[in-house]
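J.: Can you keep this structure in mind? I'll have questions shortly.
The values are calculated or read from the model by the stated rules, or taken from the named source; none is laboratory data. Nothing here was measured: the structure is a model prediction, and the numbers come from that model. Quick reminder, even Gly has a Cβ in these numbers, built from the backbone with ideal geometry, and neighbours come from all protein chains shown.
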Amino acid sequence: MNKEIIRIDNLSRNFIVGEETVHALRGVHFSIEAGEFVTIMGTSGSGKSTLLNLLGCLDTPTTGDYYLDGISVKLMNKDQRAELRNMKIGFVFQSYNLLPKTTAIENVELPLIYNPSISTKERHDRAIKALQEVGLGDRLHHKSNQLSGGQQQRVAIARALVNNPVIILADEATGNLDSRTSYEILALFQRLYREGRTVLFVTHNTDLAKFSSRNIVLSDGKIINDTKNTVLSSAEDVLATMPKED
């Protein structure tokens, strides 16, 4: 049995809207082990964004427990959650969230700036290594506005990897990309998964389910399906059938 990276028990999140209480999550249970590639799917209003915010230590549950790499998040204050988030989680967003007019290396170095145990040289070297890992060794000094959408997302993935997190949380990471670039990024996530990385991919695109090792489906704040894939479709194989850009 692999190490448990995430465990949530009876997790609920309520929001007060006017005089009404909105139950965004209703007693959710599941765990994720090291080395899984999990998609979390659901339509708008299903609770997947609320769940992502909780798993990413950006919010706290109304009730229930959340353990990240064996650490209870429930009683942490905002600063403690921020430190845990920086050390344990790599985020990849739909809109990339890169600093404009800043080089790829500088963007990737960002999570390491807050770690006083890492020297300037080590930070620089680790950023270069992460960018090489995602195929951008020839774009190290390009600024964000000099990169394509797919290249910017690769920089974002390198930034997520640079701190060697226990899990990568991807929020609609292919949502702003054209079809071919989407499969290129998906192929990169599949390679990271094969290398032993733990990936949690939040998406509304049900077509992506066949490319991950496990699918969790939310509806009305509850899990309605949690299944494992024994045979994954290959994003590389899909790419091979698509026409190449000029």
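J.: Please tell me if LEU218 is at pLDDT 90 or above, closer than 16 Å to PHE30 by Cα, over 12 Å from the mean Cα position of the chain (by Cα) and not in a loop (DSSP other than H, G, I, E, B).
T.: So LEU218 passes the test.
J.: Also: Would you say THR206 is under 30 Å from SER117 (Cα atoms), in contact with a strand residue (DSSP E or B) (Cβ under 8 Å, 6 or more places away or on another chain) and of a type in the set (Ser, Thr, Tyr)?
T.: no
J.: I've got another one for you. Just to confirm my filter: which helices (runs of 4 or more DSSP H) fall fully inside the range 70-162 and include at least 3 residues that are crowded, with 21+ Cβ neighbours inside 10 Å?
T.: 104-113, 120-133, 149-161
J.: Let me ask something additional. Scan the range 5-61 residue by residue and report those that are exposed (fewer than 15 other Cβ atoms within 10 Å of the Cβ), of a type in the set (Gly, Ala, Ser) and within 13 Å of SER219 (Cβ to Cβ).
T.: Passing the criteria: SER44, GLY45.
J.: Show the residue pairs meeting these rules: Cβ distance below 6 Å; 6+ apart or different chains; first residue within the range 202-214 and of a type in the set (Lys, Arg); second residue loosely packed, with under 14 Cβ neighbours inside 10 Å.
T.: Short answer, once both residue conditions are applied: ARG214/LYS228.
J.: Can you confirm whether ALA34 is under 14 Å from ALA160 (Cβ atoms), touching a Lys or Arg at 6+ places or on another chain (Cβ under 7 Å) and aliphatic (A, V, I, L, M)?
T.: No: the conditions fail for ALA34.
Residues checked against (1) among the polar types (S, T, N, Q); (2) at pLDDT 95 or above; (3) part of a helix (DSSP H, G or I):
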{"site": "THR174", "(1), (2), (3)": "yes, no, no"}
{"site": "THR181", "(1), (2), (3)": "yes, no, yes"}
{"site": "LEU188", "(1), (2), (3)": "no, no, yes"}
{"site": "LEU192", "(1), (2), (3)": "no, no, yes"}
{"site": "PHE201", "(1), (2), (3)": "no, no, no"}
{"site": "ASP207", "(1), (2), (3)": "no, no, yes"}
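J.: Name the residues in the range 40-66 that are β-branched (Val, Ile, Thr) and within 21 Å of ASP207 (Cα to Cα), would you?
T.: Correct list: ILE40, THR43.
J.: Could you list, in sequence order, all residues of the range 163-179 that are under 15 Å from the mean Cα position of the chain (by Cα), buried (at least 17 other Cβ atoms within 10 Å of the Cβ) and not β-branched (Val, Ile, Thr)?
T.: Residues satisfying the conditions are ASN163, PRO165, LEU169, ALA170, ASP171, GLU172, ALA173.
J.: Suppose we keep only residues that are of a type in the set (Lys, Arg) and closer than 17 Å to ILE6 by Cα within the range 194-228. Which one would you say is surrounded by the most Cβ atoms within 10 Å (Cβ to Cβ)?
T.: Looking at the filtered set, the residue picked out is ARG197.
J.: Being out of contact with any Cys (no Cβ under 9 Å at 6 or more places or on another chain) and in a loop (DSSP other than H, G, I, E, B): is that true of THR60 here?
T.: Criteria met by THR60.
J.: Looking at (1) modelled with pLDDT under 95; (2) of a type in the set (A, V, I, L, M, F, W, C); (3) under 30 Å from ALA127 (Cα atoms), which is the only condition LEU232 fails?
T.: (3)
J.: Hey, could you check the range 221-246 for residues that are outside any loop (DSSP other than H, G, I, E, B) and aliphatic (A, V, I, L, M) and say which is nearest to PHE37 (Cα to Cα)?
T.: Only one residue tops the list, namely ALA235.
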